[in-house]
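Structure, as structure tokens:
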Amino acid sequence: MESSPDIGHLQAILLVGGQGTRLRPLTLGTPKPLLPTAGVPFLAHQLARAKSFGVERIVFATSYRASMFREAFGDGSAFGLRLEYMTEETPLGTGGAIRNAAQALTCGPDDPVLVLNGDILSGHDIHAQVRLHQSRGAAVTLHLTEVEDPSRFGCVPTDENGRVTAFLEKTPYPVTNRINAGCYVFRRSVIDTIPEGRVVSVERETFPGLIEAGELVLGYIETAYWLDVGTPAAYIQGSRDLVLGRLRSPAMPGPCGEYLALPDSIVSPEAKVSGGSVVGHGAIVEAGATVSGSILLDGCVVGPGATVIDSVVGPGARVEGGAVLSDVVVGDNAVVGARNELLAGARLWPGVVLPESSVRFSSDV
Ligand code: GDD
Ligand code: MG
């Protein structure tokens, strides 16, 4: 990986204050960036990647369940990083969070600062993004990628020189498939112009304001592996892609392959586990069970002959004999009684017990 001298001391802000509402019930007790993903907290992948590009110091912009981040990552020395934590009493929005966290930066006004949304898996070249930013003297340089449905993201048209001409957050009328991929390089002094102590959205206020004022906002376009893990399906996909090696992460706790079994898990030799699944610490997969593309969290049990496809089974939960789950989230310590079928986006709240089913539901699977 090519490096340039001024990138070695790059500092970063990581935005991790969101509530992760779309990932409930998984995020009721654990913030989205800490959900186990391919066997480690999601953020471990982002931190390891940032480090691989020479980032040494990262300021966490926290709000929701702030103390859990410090408990998980401490001062960062175990990861070869220096970590700081800046907490908002009430969430200040993405822009307010960046402004607040910037108090802990130690770089100068003209230095580049990397800002990362805390729910993104990306294989893009951070060095190339920073180099573009520096060589063009931009105020902000946004990583842009392409998706099929841009209406769920920030839609970002550019001119032929890469200059961003508009920033349209979650517009029902996207003008391009290019979207904001949630990784920015800011000139430090530009962060200092964000109003202090109030809610500010970078997407709805700061970026449109900079464009309006004629500042150079640049797009760095790279369509490498990219995923926002904001929904259960995307969270499962991210974990699966890491286990299968579709995105390489220095934070993987074991070799890539059909599945990842964490220490103290038990997989019966008569079970079939595949498709990038993870079997968590102390989790058990019993004989005749089929698990594909799924995340089995710590201490859960998949009973004999049960089928779990593209689903998350929460910590301590039980899926009893012959039950079938496809595209489902089972909350902590919940029980899916024998022979139940749960399909297509069903979510079982923590501790809920679904009694065993005597009749099979009809279904189209
Ligand atoms: N500290 C702090 N305070 N962090 C926040 C706050 C806040 O008030 N609000 C959101 N965040 C963090 C979230 O934790 C997340 O890491 C990041 O900011 C983005 O918030 P999301 O809620 O995940 O936004 P989104 O996915 O709907 O949209 C954003 O990301 C898309 C790419 O995935 C926008 O930046 C879009 O423009 C972008 O396309
Ligand atoms: Mg998001």
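In table form, for the structure just shown:
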item	result
Alpha carbon centroid spacing (whole Å) that separates the stretch 209-257 from the stretch 311-333	27 Å
Cα lying deepest toward the dipole's positive end in the stretch 7-228, options H127, Q46, P112, charges on Cβ	Q46
Peptide ranges 310-316, 190-196 listed from the most packed, as the mean C-beta count within 10 angstrom indicates	310-316, 190-196
The chain, relative contact order in percent, only Cα pairs under 8 angstrom and at least six apart counted	13 percent
Shape box of the stretch 189-253 [Cα atoms, principal axes, largest first, Å]	45, 27, 21
Spread of Cα-to-Cα distances over 10 Å intervals beginning at zero, given as percent, for the stretch 258-361	19, 58, 22, 1
Rg followed by Dmax, in Å, when the stretch 6-93 is reduced to its Cα trace	13.0, 43
Point-to-point label distance, S268-R22, nm (Cα→Cβ direction, 7 Å offset)	3.7 nm
Local electrostatic count at V301 - Lys and Arg +1, Asp and Glu -1, tallied over other residues with Cβ under 10 Å	-1
Cα-based Rg and Dmax for the stretch 65-172, where Dmax is the largest Cα-Cα distance (Å)	16.3, 46
Whole-Å semi-axes of the stretch 184-333's equivalent ellipsoid (Cα gyration tensor)	42, 17, 13
Long-range amide H partners of E341 with built H, under 5 Å	V324, F361
For the chain, alpha-carbon Rg over 2.2 N^0.38 Å	1.04
Gap separating the Cα centres of the stretch 77-121 and the stretch 160-176, nearest whole Å	25 Å
Residue order, fewest to most surrounding Cβ atoms within 10 angstrom, among R347, R131	R347, R131
Cβ-defined net charge surrounding G39, 13 Å radius [Lys, Arg +1; Asp, Glu -1]	-1
Crossing angle, helix 42-52 versus the chain [Cα axis fit, 0-90 degrees, rounded to tens]	40 degrees
Choice from L23, L260, L105 with maximal GNM fluctuation in the chain (Cα, 10 Å cutoff)	L105
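Where a number appears in this text, it was derived from the coordinates with a stated rule and is not lab data. Since we're looking at a predicted model, the values are computed, not measured. Every residue, glycine as well, gets a Cβ built from its backbone with ideal geometry; the counts of neighbours run over all protein chains shown.
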